[in-house]
Amino acid sequence: MKFSTSPLRALLAAGGLALAASAAPALAADLPGKGIVVQPVQSTIAEETFQTLLVSRALQQLGYDVKPIKEVDYPAAHLAIANGDATFMADHWEPLHDDYFKNSGGAAKLWRGNSYSTGALQGYLIDKATASKYKITHIDQMKDPKIAKLFDNDGDGKANLTGCNPGWGCEKVIEHQLDAYQLRDHVSHVQGNYSALIADTIARHKQGQPIFYYTWTPYWVSNVLKPGQDVVWLQVPFSALPGSRAGTDTKLPNGQNYGFVVNTQRILANQQFIEKNPAAKKLFQSMKLPVADINAQNKAMHDGANKPADIEKHVNGWIRAHQARFDKWVADAKAAVH
């Protein structure tokens, strides 16, 4: 499948155009979603709105009455969908969110039989200058007090790791790995609002200071701090994941081990809704969104186009630039009913 060679340019070029295809469906009586209410949810990460709205737009083309997105934390989102209080979320990470999936009732209550966006990486990074000067390649080198001190921002002798919001799936992994790699006495997991923390981290990098942080892709951070150019991934000494993922090998095909498996972002939906709505099921199975396109949209938000109206334009722009593909998703979903 061929994607746009310049996602950001295509996104912004078409973003201001009116989108006839996203207008109210002409023959509502013939649409499979007529009279059916859909409640999307997402986390408080604003950069997930683009992916979520794109799914909502496609559902609207099928006649569904799609309500405004509600923001809830990941654990609550999984429970809400399982209980029928919400219909779907477009940013369920597998396997990162496997424990949330299992604890909310698993496949009996939740459906995730699709691959919305693939190839999502996560891990720990430091600035390339410090990595090169001190030959730092692995996170367990932070056990060396001289190395840890390089990233100490508060004078306690420990390296400050810009980490994960409390309650996120990555928090569980980081906390587990700090114990597994015996880094508790050498690394401080700095938590709070990730957006604010990473903004401070980027500011310190611009000032020439060493930085040590966790991030994921797709997300705008790696468009600002480019791996291989500005920063480098740190490897872990061995695979170590918590909960149901214990024993999972996190080594990548290239032999590198960043401590996290490559994730697939899936559309998570209420199982009963899927059973009763073959059109929505087919739509969710068909939709594919390249990581590069998500990164491009997230970067546009980081650069200032981050208001709700801006994100709506980005969604319009993406659909306009990929109209034939979007129309086929909808057509295939309609055909699934017959």
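Looking across the range 113-139, not a single residue is buried (at least 21 other Cβ atoms within 10 Å of the Cβ) and basic (Lys, Arg). Residues in the range 217-234 include at least one that is among the small types (Gly, Ala, Ser) and either in a helix (DSSP H, G or I) or touching a Gly at 6+ places or on another chain (Cβ under 7 Å) (or both). Out of curiosity, is residue 297 touching a His at 6+ places or on another chain (Cβ under 7 Å) and not charged (D, E, K, R)? Taking the combined requirement at face value, the residue satisfies it. Note on the range 40-147: enclosed strands (runs of 3 or more DSSP E) holding 2 or more residues that are assigned by TED's automatic domain parsing to the domain that holds residue 289 and among the hydrophobic types (A, V, I, L, M, F, W, C) are 88-94. Being among the hydrophobic types (A, V, I, L, M, F, W, C), within 30 Å of residue 281 (Cα to Cα) and in the same structural domain as residue 128 (by TED's automatic domain parsing) holds for only one residue in 216, 233, and it is 216.
Listed here are the residues, each with its yes/no results for (1) assigned by TED's automatic domain parsing to the domain that holds residue 61; (2) in a helix (DSSP H, G or I); (3) surrounded by 15 or more Cβ atoms within 10 Å (Cβ to Cβ).
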position	(1), (2), (3)
285	yes, yes, yes
292	yes, yes, yes
296	yes, yes, yes
305	yes, no, yes
312	yes, yes, yes
320	yes, yes, yes
327	yes, yes, no
331	yes, yes, no
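Select from the range 223-270 the residues that are among the charged types (D, E, K, R) and surrounded by 19 or more Cβ atoms within 10 Å (Cβ to Cβ) and write down the one among them that is farthest from residue 296 (Cα to Cα). Among residues in the range 223-270 that are among the charged types (D, E, K, R) and surrounded by 19 or more Cβ atoms within 10 Å (Cβ to Cβ), the one farthest from residue 296 (Cα to Cα) is 245. Within the range 239-291, the set of residues being free of Cβ contacts under 8 Å to residues at least 40 places away in the same chain and not hydroxyl-bearing (Ser, Thr, Tyr) comprises 246, 247, 249, 251, 252, 253, 254, 255, 256, 257, 275, 276.
Which of the residues spanning the range 165-183 are assigned to a loop (DSSP other than H, G, I, E, B) and modelled with pLDDT of 95 or more?
Selection gives 181, 182, 183.
Considering the range 189-202, the residues that are assigned to a helix (DSSP H, G or I) and out of contact with any strand residue (DSSP E or B) (no Cβ under 7 Å at 6 or more places or on another chain) include one that is surrounded by the most Cβ atoms within 10 Å (Cβ to Cβ), namely 194.
Confirm whether residue 273 is surrounded by fewer than 21 Cβ atoms within 10 Å (Cβ to Cβ) and either closer than 27 Å to residue 32 by Cα or in contact with a strand residue (DSSP E or B) (Cβ under 6 Å, 6 or more places away or on another chain) (or both). For residue 273, the condition - surrounded by fewer than 21 Cβ atoms within 10 Å (Cβ to Cβ) and either closer than 27 Å to residue 32 by Cα or in contact with a strand residue (DSSP E or B) (Cβ under 6 Å, 6 or more places away or on another chain) (or both) - is met.
Go through the residues of the range 203-210 one by one and say whether even a single one is in contact with a strand residue (DSSP E or B) (Cβ under 9 Å, 6 or more places away or on another chain), in a strand (DSSP E or B) and more than 11 Å from residue 162 (Cβ to Cβ). Looking through the range 203-210, none of the residues is in contact with a strand residue (DSSP E or B) (Cβ under 9 Å, 6 or more places away or on another chain), in a strand (DSSP E or B) and more than 11 Å from residue 162 (Cβ to Cβ). Considering only residues in the range 34-70 that are crowded, with 16+ Cβ neighbours inside 10 Å and acidic (Asp, Glu), the one that is modelled with the highest pLDDT turns out to be 48.
The values are calculated or read from the model by the stated rules, or taken from the named source; none is laboratory data. None of the values given here were measured: they were computed from a predicted structure. In this analysis, Cβ positions are derived from the backbone assuming ideal geometry, glycine residues included, and neighbour counts consider all displayed protein chains.
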